[in-house]
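We did not get these values from a lab; they are worked out from the coordinates using the rules stated. All values reported here derive from a predicted model rather than from experimental measurement. Don't worry about glycine lacking a Cβ; one is built from the backbone with ideal geometry, like all the others, and counts go over all protein chains shown.
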Amino acid sequence: MSPEISFDLATIWAGLIAFAVLAYVMLDGFDLGVGILFPFLPEETDRDQMMNSVAPVWDGNETWLVLGGGGLFAVFPLAYSIIMPALYAPIIGMLLALVFRGVAFEYRWKTKAGKFAWDWSFAGGSTVAAFAQGIALGALVQGIPVEGRAYAGGWWDWLTPFSLLTGVAVVVGYALLGAIWLIWKCEGRVQQQAFRHAQWTGIATVVLIGAVSVWTPFLNEAFRQKWFVWPTLLYAAPVPALLAVCVLALWNGLDGQHERQPFFAALGLFGLSFAGLCVNFYPYIVPSSVTIHEAAAPDNSLSFLLVGSVVLLPLILAYTAYSYWAFRGKVGVVGDYHH
Amino acid sequence: MDVFDALTLARFQFAFTVSFHIIFPAFSIGLASYLAVLNGLWLLTRRKVYFSLFQYWKKIFAVAFGMGVVSGLVMSYQFGTNWSVFSDKTGPVLGPMMGYEVLSAFFLEAGFLGIMLFGLKRVGETLHFIATAMVALGTFMSAFWILSVNSWMQTPAGYAINAAGQFVVTDWVAVIFNPSFPYRLVHMLLAAYLTTAFVVGGVGAWHLLKGHGNPGAKTMFSMAMWMAAIVAPIQIVAGDFHGLNTLEHQPAKIAAMEGHYDSHPGAPLILFGIPNPAESRIDYALELPRLGALILTHSWEGSIRGLNEFPPEQRPPVQIVFWSFRVMVGIGMAMLGIGVWSLLMRWRGRLFAAPWLHRAAVAMGPAGFVAVVAGWITTEVGRQPYTVYGLLKTVDSVSPIAAAAVGSSLVAFIVVYFALFGAGTFYIVRLMKKPPEKVEPDLPTDEPIRAAGINPAPALKVPGVVS
């Protein structure tokens, strides 16, 4: 077992986990966003249509979260055991919120009198889950105190102005993704309202991404080095440049009432923000405390799980793509669902 | 031990969330296999009643499976939030196995569940049957990995300990097929089948009592009673083997289950009594001489190591283990009783005209869940004070988290679980209250089903075919 091989496996796994997290954010972002927008579209038939647009795919989307968490435990147990206690409250809050919105998909259609309660369960659960994810992200970026092999902070450390900002940013960003999903999947009244909500959430998302990006380098000397010091600046510079392209494409798409351009522009926005975060993190997995290398399990653990992942992940991706393709086209109103 | 310290609260939280969770997989493992059997019987015999029952239980499966997924999501994070030291130390061994559990569950959910639930008309009978069988296989694979993980914690093998104090793998085959795994896997799978059989039997009996003497109710009751008559005795034998394995690897657990403080040859079988740990004895014990020795050592003169041979800090909490074990065994015996009773009635040709048997079957409907939870309490409390038996203590596994944090999340879990899973159970019971129809309606395709996963339900529909 040479050190190079160990480096390779750990890096491959860091890439796979990052991929699972990004897949989760992009996929579940749409359906969480649909829930966040629920209060803005009060008509029951509109809500039926919104829920049906994500119903067939949301469960699979959420499984990426299990894969991200389970994967972290499997291949970076040290990082898992530091991050989870540090982010205790946001993680528990997110899980409970996901339970609320998860069961709402099923229960909402089983009752007439209680429908409003499951509407709130869906909207509230989606919003709280997104907010908790944003806070968790902010708390991770701002750094986690570690002593020995354990988290060494208090149980309110996650709560800071920066983490609140990232919490709001993720809620608004997911709402943008939700609106853009509805533009693509719906027609008529829902689509028109979605265009309106996409505009203000779009502006807010860009402003918030800007605020977080400006703040982040000042949290940590290592981040600052990457963005403002030559020559690392050279590698980091394309990220903001491409981000600007996405913002323009998003604005142009919404302005011209295009259905698909905003979708891909918003995906680009999220992908690039995520890439920016990865630039900040590398080579750490817990910023400025634990590197990918230090957190990795031994090689035989990494390779054991890699074998199965290499076989199963492509199959899962192919099936996911197939079902999105099978569901292409517009979602009608309920009762007219498959015609 | 303070009742409100972080460790006790974390233990209680894990016990609560995992007890809630195990109910759903226990049901869906059994139900998935039952659906596969019904589907197969329908294709083989072409009797409409099997297809009608398939459609009937499919709807209940969808709800139960969904609740299992949601409560399982919580479990996958619980290790990190409340048991971070345990996660760090055991991650290299247990993490990849749990990764396989997630991957197999994920694959099942993404691939075959949708086709099983919605795809019959689109993919044809053969592919649909394959999908149903794959769903059953997927639940089995999930159980395989998670029980291997649990068994490794009970009887660790194939490991070394590295410089950082982590367990690392030296032999994956020894890790996966650790000494207690085959016994635990068989015992749990049979428990899942029995649990499901008694739910199915209870629902069938209910509709027979209500006078809906329809073919569906008769068939499900009859099938469930065959399961009770055949599987209950097999389960008792499997449980006995599992017990012998535990005696070999975790003698203190057996001593607590049996209520033996003293070691002596020809140990009695204590039926009931009140454990008195302060005095190291069982008060008011009702016992059968030498039978304990016969069961555990298969010899009248056999000796069982009593709890007194273990230092007090290495003994599990006797009261809990003693009682939970008796609840499990008692229910197992009652299940056997129902099975024998049903054979008698069947032999007399009165299986569907035996109201007292039907009433007993309704009463026993949820008994399997109680037995499963009691069994898990026995094995999990019985391996205390360790999380990894003999190597890592529970007290050394817990996260550095304030008691207030664990306590408030515990309250939140209790409130949310009872409210939401209570509602889910209500919807399941409502489905069960409807008698099976001759032509059982399919799942409605104009409303989403949470458990459906990624499935192109409406897209799978053949245009023009009304389901």
Suppose every Lys and Arg Cβ carries +1 and every Asp and Glu Cβ carries -1, with no other charges. What dipole size does the protein assembly as shown come out with about its Cα centre, to the nearest 20 debye? 2640 debye
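With +1 on each Lys and Arg Cβ and -1 on each Asp and Glu Cβ, how big is the dipole of region A:3-326 about its Cα centre, in debye rounded to the nearest 20?
Here region A:3-326 has a charge dipole of around 440 debye.
Which residues make up the longest stretch of chain B that has no trypsin sites (Lys or Arg not before Pro) in a DSSP loop with at most 14 other Cβ atoms within 10 Å?
Here the longest run is B:48-209.
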In the protein assembly as shown, if every C-alpha pair distance is counted and binned at 20 Å from zero, what percent goes to each bin? 15, 46, 32, 7, 0
Put +1 on the Cβ of every Lys and Arg and -1 on every Asp and Glu Cβ in chain B; which of B:GLN319, B:ILE130, B:LEU7 then has its Cα farthest towards the positive end of the dipole? B:ILE130
Expected 222 nm ellipticity per residue - DSSP helices of 4 or more, -39500 (n - 2.57), all of chain B, to 500: -23500 deg cm²/dmol
Any chance you could list P(r) for chain A, counting all Cα-Cα pairs in 10 angstrom bins from zero, rounded to whole %? 5, 24, 33, 25, 10, 2, 0
Given the options B:VAL340, B:ALA191, B:GLY202, identify the residue whose Cα lies farthest towards the positive end of the charge dipole of region B:181-394 (+1 on Cβ of Lys, Arg; -1 on Cβ of Asp, Glu). B:GLY202
Under 5 Å between amide hydrogens, which residues at least 5 positions from B:PHE272 or on another chain qualify, with H placed 1.01 Å from N in the peptide plane? B:LEU286
May I ask for the Kirkwood hydrodynamic radius of region B:327-404, worked out over all distinct Cα pairs and given in angstroms to one decimal? 15.8 Å
Mean-square fluctuation maximum in Gaussian network of chain A, Cα pairs under 10 Å, restricted to A:GLY138, A:GLY256, A:GLY35, hits A:GLY256
Which of the lysines could a cross-linker span from B:LYS59 if the Cα-Cα distance has to be under 21 Å and same-chain partners fewer than 8 positions apart are dropped? A:LYS110, A:LYS112, A:LYS115, B:LYS48, B:LYS121, B:LYS218, B:LYS433, B:LYS434, B:LYS438, B:LYS461
Please report Rg (one decimal) and Dmax (integer) in Å for the Cα set of region B:167-241. 18.2, 61
Nearest 0.05, what FRET efficiency do B:VAL173 and A:ALA241 give at R0 = 35 Å with Cβ-Cβ as r? 0.10
Give a quick list of trypsin sites (Lys or Arg not before Pro) in region A:77-167 that DSSP marks as loop, anything other than H, G, I, E or B, with at most 13 other Cβ atoms within 10 Å. A:LYS112
Counting Lys and Arg as +1 and Asp and Glu as -1 over every other residue whose Cβ sits under 13 Å from the Cβ of B:GLY365, the net charge comes to +2
Of A:GLY268, A:GLY188, A:GLY69, which has the largest mean-square fluctuation in a 10 Å C-alpha GNM of chain A? A:GLY188
What does the helix-only formula give at 222 nm for chain A: each DSSP H stretch with n ≥ 4 adding -39500 (n - 2.57), the total divided by the residues, and the result rounded to the nearest 500 deg cm²/dmol? -26000 deg cm²/dmol
Taking chain A as a Gaussian network, where each spring joins two C-alpha atoms under 10 Å apart, which residue of A:ALA236, A:ALA113, A:ALA129 fluctuates the most? A:ALA113
Contact order normalised by length for region B:181-394, with contacts defined as Cα pairs under 8 Å and 6 or more residues apart; what percent is it? 27 percent
To check my understanding: the extent here is largest minus smallest coordinate of the Cα atoms along each principal axis. What are those three numbers for chain B, in Å, largest first? 72, 55, 41
How large is the Kirkwood hydrodynamic radius of region B:89-200, counting all unique pairs of alpha carbons, in Å? 15.7 Å
Within-10-Å neighbourhood charge of A:LYS185 [Cβ basis; K, R +1; D, E -1]: 0
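R0 = 25 Å: FRET efficiency of B:LYS48 with B:THR425, Cβ-based, nearest 0.05?
0.25
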If a helix is a whole DSSP H run, which ones in chain A reach 20 Å or further along their own axis (Cα) and hold a mean Kyte-Doolittle hydropathy of at least -0.5? A:3-37, A:58-75, A:88-107, A:115-142, A:161-185, A:188-215, A:238-255, A:261-281, A:299-326
Total charge of the residues flanking A:ALA117 in space, meaning their Cβ is under 14 Å from its Cβ, with Lys and Arg +1 and Asp and Glu -1, is +3
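Hull surface divided by four, with the convex hull built on the Cα atoms of region B:1-119: how many nm²?
Seen from a random direction, the Cα hull of region B:1-119 projects 9.3 nm² on average.
Mean projection of the alpha-carbon convex hull of region A:252-297 over all orientations, in nm²?
Mean projected area for region A:252-297: 4.3 nm², to one decimal.
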Distance from region B:1-44 to region A:151-226 (C-alpha centre basis), Å: 37 Å
Hey, how many Å between the Cα centroid of region B:285-349 and the Cα centroid of region B:376-406? 26 Å
Longest segment of chain B with no GluC sites (Glu not before Pro) in a DSSP loop having at most 14 other Cβ atoms within 10 Å? B:1-278
Only Lys, Arg (+1) and Asp, Glu (-1) charged, at Cβ; region B:277-325 dipole about Cα centre in debye: 100 debye
Pull out the extension gain between A:ALA152 and A:THR45, defined as 0.36 nm times the separation in residues minus the alpha carbon to alpha carbon distance; nm, one decimal. 33.5 nm
Cα convex hull of region A:189-339, projected area averaged across orientations, nm²: 13.0 nm²
Distant alpha-carbon pairs in region B:181-394 (separation over 29 angstrom), percent: 34 percent
Assuming R0 = 25 Å, can you tell me the calculated FRET efficiency for the pair A:ALA117 and A:GLN192, based on Cβ-Cβ distance, to the nearest 0.05? 0.35
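Report relative contact order for chain B in percent, whole number only (criteria: Cα-Cα under 8 Å, sequence separation at least 6).
The normalised contact order for chain B reaches 25 percent.
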